[in-house]
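Engineer: Below: one structure in C-alpha cells.
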C-alpha cells in the first residue's frame, strides 16, 4: 500500500514492542524515517537493531526520567 510517506519523519512512542513496534515497522516500510522512543533500553536496542537489519532508517531515543 502506498501511503505517500516517503521521506517523512515519524516519532513512535512505546515502539520497542507490541503495537508500537508494529507501527514503527509499518511506517518504515512505507519510507518514513522513524524515531522510536521507549523506556526499556534493552528492548529498544533489540527493536532498533532488528528494524535496521531490514534496511530501514531508524533512530532511537530513550527519555531520561
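Just so it is clear, none of the values below were taken in a lab; they were calculated from the coordinates. This is a predicted model, so every value here is computed, not measured. Positions of Cβ are backbone-derived with ideal geometry, glycine not excepted, and every protein chain shown enters the neighbour counts.
Engineer: Compute the acute angle (0 to 90°) between the alpha-carbon long axis of helix 18-29 and the principal axis of greatest extent of the alpha-carbon atoms of the chain; round to the nearest 10°.
Structural biologist: 40 degrees
Engineer: By counting other Cβ atoms within 10 Å of each Cβ, how are 61, 56 ranked from fewest to most? Mind dumping the intermediate values first?
Structural biologist: On the way: 61 13, 56 18.
In increasing order of surrounding Cβ atoms, one gets 61, 56.
Engineer: Using 10 Å bins from zero, what percent of all Cα-Cα pairs in segment 9-61 falls into each bin?
Structural biologist: Each 10 Å bin holds this share of Cα pairs: 32, 63, 6.
Engineer: Tell me, 45, 2 in order of fewest to most beta-carbon neighbours within 10 Å?
Structural biologist: On the way: 45 14, 2 7.
Listing 45, 2 from fewest to most nearby Cβ atoms yields 2, 45.
Engineer: Shifting gears a bit: Would you compute, from DSSP H runs of 4+ residues alone, the mean residue ellipticity of the chain at 222 nm, taking -39500 (n - 2.57) per run and dividing by the full residue count, rounded to the nearest 500?
Structural biologist: -12000 deg cm²/dmol
Engineer: A follow-up question, please. Note the angle between two axes, namely the Cα long axis of helix 41-53 and the longest principal axis of the Cα atoms of the chain, as a number of degrees from 0 to 90, rounded to the nearest 10.
Structural biologist: 30 degrees
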